[in-house]
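The values are calculated or read from the model by the stated rules, or taken from the named source; none is laboratory data. The model shown is predicted, which means the values in this text are computed figures rather than measured ones. Here the Cβ is made from the backbone with ideal geometry for all residues, glycine too, and neighbour counts use every protein chain on show. When the accessible area is computed, the model is the full protein with side chains, heavy atoms only, and any ligands, DNA or RNA have been set aside. Shrake-Rupley method; radii C 1.70, N 1.55, O 1.52, S 1.80 Å.
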Amino acid sequence: MESPFKADVVKGKVALITGGGSGIGFEISTQFGKHGASIAIMGRRKQVLDSAVSALRSLGIQAVGFEGDVRKHEDAKRVVESTFQHFGRLDILVNGAAGNFLVSAEDLSPNGFRTVMDIDAVGTFTMCYEALKYLKKGGPGRSSSGGGTILNISATLHYTASWYQVHVAAAKAAIDATTRNLALEWGADYDIRVNGIAPGPIDDTPGMSKLAPSEINSKSRDYMPLYKLGDKWDIAMAALYLASDAGKFINGTVIIADGGLWLSRPRHLPKDAVKQLSRSVEKRSRDAPVGVPRSKL
Ligand code: COA
């Protein structure tokens with residue numbers, strides 16, 4: 001789909017995207033690149049990084065890949081520094097790296113819980129921590145008039161509760177809290193905007209194939225009136241909005257990009273029936289003698 005944004009909305013900016021070699025992260029890398037940014041992607045798998053970088057370069061995007069695991073502090077530090085050394089500045093950090101698997105809480109070991117917390121929650125903070133020096137106004141490669149921006153990708157799992165996702169829901173809740181707290185502190189002190197995006201189920205992503213294998217898709221949809229799959233493009237457009245000047249007054253917000261799914265409830269009454277029922281209830285209560293308890297109507 002064609003982007004509604006002008007092709008230069010992030011021109012001259014440098015973006016570092018963790019998990020940028022595949023899925024949503026790769027689409028954000030691609031769209032940021034198509035809109036003028038230079039792209040550094042961080043990921044654990046060399047092959048995935050290499051093919052993502054050549055795909056970006058084939059579109060004329062300046063791109064580089066750095067191997068690293070966000071769980072390792074030394075990797076986070078090295079990749080942030082390498083990005084700065086390569087491009088001479090850092091404007092946008094996108095924390096997209098995530099780990100996930102379906103497991104019932106009683107079958108999840110504390111180490112399994114910790115693993116996802118380490119990737120999603122601690123990894124996000126570690127990257128922010130290392131990037132701060134380059135993102136703050138007046139930092140290396142940056143004028144004293146403006147700071148950079150951070151986007152943290154979370155989810156909607158923790159807004160209510162999600163089956164077999166206690167570890168991920170806890171991690172995403174921590175990410176959203178980190179987003180708001182850094183927005184407060186770093187917004188005030190360094191002019192850095194920190195926002196989040198909470199995607200719903202997005203088609204053709206590693207997350208979707210792990211969490212909703214095709215055999216359970218149709219069944220779960222029956223219970224979700226608003227169920228629709230989003231596209232990676234939808235998340236990338238939200239990211240462009242937040243990272244560009246279009247979002248210059250947005251700080252500490254998590255944009256939910258899920259088509260309204262998290263609000264979804266099964267429809268307990270058809271729309272036609274509600275009109276009938278509501279009118280007959282009204283009529284009964286109007287006609288009832290004063291003082292008759294509702295239970296007797
Ligand atoms: N069910 C239950 N426990 C699981 C599990 C599963 N499907 N997969 C991993 N675990 C547990 C392991 O048993 C281990 O705990 P233990 O030591 O108590 O046995 C712990 O999690 C760590 O597993 P390990 O395989 O050593 O971790 P890893 O670092 O190699 O991989 C994962 C990390 C598990 C998150 C892996 O799925 C991953 O790398 N994911 C990245 C990609 C991804 O998930 N993308 C989707 C994003 S939405």
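Structure data summary
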quantity	calculated
Criterion: in a strand (DSSP E or B), buried (at least 17 other Cβ atoms within 10 Å of the Cβ), away from the ligand (no atom under 16 Å from the Cβ) and not charged (D, E, K, R) - qualifying residue of F66, F84	F66
Subset of region 175-196 that is touching a Lys or Arg at 6+ places or on another chain (Cβ under 9 Å) and small (G, A, S) - its residue that is surrounded by the most Cβ atoms within 10 Å (Cβ to Cβ)	G196
When residues of region 69-81 are limited to those that are open to solvent by 30 Å² or more (accessible area, probe 1.4 Å) and part of a helix (DSSP H, G or I), the one farthest from the ligand (Cβ to nearest atom)	E81
Single match in P225, P199 (criterion: surrounded by 13 or more Cβ atoms within 10 Å (Cβ to Cβ) and modelled with pLDDT under 95)	P225
Criterion violated by G138 - all others in (1) at pLDDT below 95; (2) closer than 21 Å to I255 by Cβ; (3) of a type outside the set (S, T, Y) satisfied	(2)
Of residues in region 106-121 being farther than 14 Å from A171 by Cα and open to solvent by 30 Å² or more (accessible area, probe 1.4 Å), the one farthest from the ligand (Cβ to nearest atom)	E106
Matching residues in region 163-172 - criterion: being open to solvent by 40 Å² or more (accessible area, probe 1.4 Å) and either more than 12 Å from the ligand (Cβ to nearest atom) or acidic (D, E) (or both)	W163
D91, sole failed condition from (1) open to solvent by 40 Å² or more (accessible area, probe 1.4 Å); (2) more than 14 Å from the ligand (Cβ to nearest atom); (3) among the acidic types (D, E)	(1)
Pair list, Cβ under 7 Å, 6 or more apart: region 264-279 residue part of a loop (DSSP other than H, G, I, E, B), other residue exposed (fewer than 11 other Cβ atoms within 10 Å of the Cβ)	P266/Y223
Matching residues, region 1-41, being under 22 Å from D231 (Cα atoms), in contact (Cβ under 8 Å) with a residue 60 or more places away in the chain and part of a strand (DSSP E or B)	A15, L16, I17, T18
Condition check for F125: open to solvent by 30 Å² or more (accessible area, probe 1.4 Å), on the phi < 0 side of the Ramachandran plot, touching a His at 6+ places or on another chain (Cβ under 7 Å) and assigned by TED's automatic domain parsing to the domain that holds A169	no
So S82, is it under 22 Å from C128 (Cβ atoms) and either under 21 Å from the mean Cα position of the chain (by Cα) or of a type outside the set (D, E, K, R) (or both)	yes
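Conditions tested, residue by residue: (1) among the hydrophobic types (A, V, I, L, M, F, W, C); (2) under 21 Å from R193 (Cβ atoms).
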| residue | (1), (2) |
| --- | --- |
| K6 | no, yes |
| Q31 | no, yes |
| A40 | yes, yes |
| E67 | no, no |
| H86 | no, no |
